[in-house]
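The values are calculated or read from the model by the stated rules, or taken from the named source; none is laboratory data. No experiment lies behind these values; they were computed from the predicted model shown. Note: ideal-geometry Cβ built from the backbone for every residue, glycine included; neighbour counts use all protein chains shown.
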């Protein structure tokens, strides 16, 4: 038997409120399945399980539970049920027709009172519940993000960062002429929904560079650096109404630009309406922030603990540049790094910035 | 012919069907134990010997495997035999001929030889004939590819199924229920033929499907009447043909009512009711709003004592209770 516990969805999280189970006792779960919704100060997060097995017991809904509290007990492969399963005791009785109809209506049939044979929920019970829902009682909606709570969470995380992490900062200017032209050509003959934003190039360039400087991709834990198992940059997303989250873009260095674009679109959308996954909250190995067209010219980030670095991109601006002994006006981008001095030194940080710069000079290889 | 419906018995309907066949086709003859002088153990062929003579109404020795084999040979040679076996219990003595020859010859000859044989036999319990004359073995025969298996549950089917069976190039087994022989019902003169492919809706309803055949059909119709008095509308489907089963009709009915009770006088395990249940699980699971229920014969040799025999068979109160529990539990 294994325990599925309340995950820490960020360094700043102490408790979470279990608001919905998406599985029932007896359900078979696989690694990566979304099984529950937990409300945090970053909104409702879809929590994934990282066990293969069969759900045996679930914690009740509605309680604030500390990180590490047992949410479910899972019978893993090879284990036999603790007791002989009693018919119907492990699973709500819902007739197949009712189950199908409930699925169509997006209704949780298992929670309804059953009027059928052996107390089963029948088609009529589902239709009644659907009619009642229609009549007024709205389906439980995901709670949005509470800006005040989020502000508190950011305050806690950033205060801890500035208190604990000895930051050092590096900056350099990247010539974006090659990247801009390449992007323009790429987008020219594509419909709007297939076009790339410059942000995707920046993210991919960073991910590619991190392969050469893995010492900045990971976490500082228990007094030592632990390398990330993959390159999962957290992409900083500003939320309407204030606040930000930086969910992971998993294995960014292995994704194509088009895939990354899709991922970013999806992440931004889910970050704003709620529905980020727990792995996206816990997995980032570094943060990347890009201020975009309307942002400041440069940014000096604050590291999100226990990560050890944050890469920042400012607004691209045309500047006079020395090129081949002459002066040309070319698009320039301020690239910055804030890194944890307990883990790395400026020399290494410089290597990362140089690698990002190189990658952006060669956009067709991204 | 009288244009008004006349009431006749199921036994008489069987006899009229045989008489019609003998008159219509000179290749047709009847063969079996006591079918001639004695008039048949259930008196179905009574009077036919006098009418058609010993060449066409032939008494046989008590040797089922022998005379069924003779019937197969006659069919292969171009005749249209109607073989009567006293009860399906005795048909087991002829199982080798039925299964290994009648059912296989068309297949094994690559379709060169057809076996247009009809075997009629009595089936079922309810007449205190005890454990060697009362069983319902039609479900076993319905297991065998190459056979068609009919179970007339109405006077009309008893009257008209034989002609369709004789017209079929395959061996056809007709199971006549012993309790039904005395059942009487008006015969619609407008109906001159029936198919032997489809089940038939005997009573429409919206709440629960009663799927049945043979002598359980009148019981289900009785149960439907009793249920109607409680406001439960039961639909009654008469299978009529046990092989091939008309699963389309069954699924359609269950999709309509979403609840089903299968009523089968045969033993429950490995029965026609089991086959239908499995098919519903395979093809209509998401139509079901309640578990499939079966009312079947108790798994004992059919007892002789009247009260015990009654207790061993599906009866109206049990069917009503099962249907009610699905529609209106608690």
Legend entry - Unmet requirement for residue A:87, which otherwise passes all of (1) part of a loop (DSSP other than H, G, I, E, B); (2) closer than 30 Å to residue B:292 by Cβ; (3) at pLDDT 80 or above: (3)
Inset, instruction - For segment B:263-278, enumerate the residues that are in contact with a helix residue (DSSP H, G or I) (Cβ under 6 Å, 6 or more places away or on another chain) and farther than 14 Å from residue B:250 by Cα. - result: B:264, B:265, B:266, B:271
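One line per residue, one yes/no per condition, for (1) under 30 Å from residue A:259 (Cα atoms); (2) touching a helix residue (DSSP H, G or I) at 6+ places or on another chain (Cβ under 8 Å):
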residue: A:150; (1), (2): yes, no
residue: A:160; (1), (2): no, no
residue: A:195; (1), (2): yes, yes
residue: A:201; (1), (2): yes, yes
residue: A:224; (1), (2): no, no
Inset, instruction - Sort out for me the strands (runs of 3 or more DSSP E) sitting completely within segment B:1-116 that have 2 or more residues that are out of contact with any helix residue (DSSP H, G or I) (no Cβ under 6 Å at 6 or more places or on another chain) and at pLDDT below 95. - result: B:6-9
Legend entry - residue B:205, sole failed condition from (1) touching a helix residue (DSSP H, G or I) at 6+ places or on another chain (Cβ under 9 Å); (2) in a loop (DSSP other than H, G, I, E, B); (3) not assigned by TED's automatic domain parsing to the domain that holds residue B:258: (3)
Inset, instruction - Would you tally the residues in segment A:232-273 being free of Cβ contacts under 8 Å to residues at least 40 places away in the same chain, assigned to a helix (DSSP H, G or I) and within 20 Å of residue A:217 (Cβ to Cβ)? - result: 4
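Considering only segment A:98-205, give the helices (runs of 4 or more DSSP H) lying wholly within it that have at least 3 residues that are touching a strand residue (DSSP E or B) at 6+ places or on another chain (Cβ under 8 Å) and within 14 Å of chain B (Cβ to nearest Cβ).
In segment A:98-205, no matching helices (runs of 4 or more DSSP H) lie anywhere.
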Inset, instruction - Looking only at segment A:27-36, count how many residues are modelled with pLDDT under 85 and part of a strand (DSSP E or B). - result: 2
Inset, instruction - Please enumerate the residues belonging to segment B:65-90 that are under 30 Å from residue B:302 (Cα atoms) and touching a residue at least 60 places away in the same chain (Cβ under 8 Å). - result: B:82, B:87, B:88
Inset, instruction - Kindly provide the set of residues from segment B:214-244 that are on the phi > 0 side of the Ramachandran plot and under 23 Å from the mean Cα position of the chain (by Cα), ordered by number. - result: B:214, B:240
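For segment A:17-29, does any single residue satisfy the condition of being under 18 Å from residue A:274 (Cα atoms) and buried (at least 18 other Cβ atoms within 10 Å of the Cβ)?
Within segment A:17-29, one or more residues are under 18 Å from residue A:274 (Cα atoms) and buried (at least 18 other Cβ atoms within 10 Å of the Cβ).
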Inset, instruction - Could you pull out every one of the strands (runs of 3 or more DSSP E) wholly within segment A:289-345 that has 3 or more residues that are more than 26 Å from the chain's Cα centre (by Cα)? - result: A:317-323, A:326-340
Inset, instruction - Give just the number: which of (1) in contact with a helix residue (DSSP H, G or I) (Cβ under 8 Å, 6 or more places away or on another chain); (2) at pLDDT 95 or above; (3) outside any strand (DSSP E or B); (4) on the phi < 0 side of the Ramachandran plot does residue B:165 not satisfy? - result: (1)
Inset, instruction - Report yes if residue B:76 is surrounded by fewer than 19 Cβ atoms within 10 Å (Cβ to Cβ) and under 24 Å from the mean Cα position of the chain (by Cα), otherwise no. - result: no
Legend entry - Test: residue in segment A:217-225 that is touching a residue at least 60 places away in the same chain (Cβ under 8 Å), part of a helix (DSSP H, G or I) and assigned by TED's automatic domain parsing to the domain that holds residue A:257: no
Inset, instruction - Return a yes/no flag: does segment A:289-299 have any residue that is at pLDDT 90 or above, touching a helix residue (DSSP H, G or I) at 6+ places or on another chain (Cβ under 7 Å) and closer than 19 Å to residue A:203 by Cβ. - result: yes
Inset, instruction - Just give me the residues in segment A:238-262 being in contact with a helix residue (DSSP H, G or I) (Cβ under 8 Å, 6 or more places away or on another chain) and modelled with pLDDT of 90 or more, in sequence order. - result: A:247, A:248, A:249, A:250, A:252, A:253, A:255, A:257, A:258, A:260, A:261
Inset, instruction - Would you mind stating whether residue B:60 is without any contact (Cβ under 8 Å) to a residue 40 or more places away in the chain, crowded, with 19+ Cβ neighbours inside 10 Å and under 25 Å from the mean Cα position of the chain (by Cα)? - result: yes
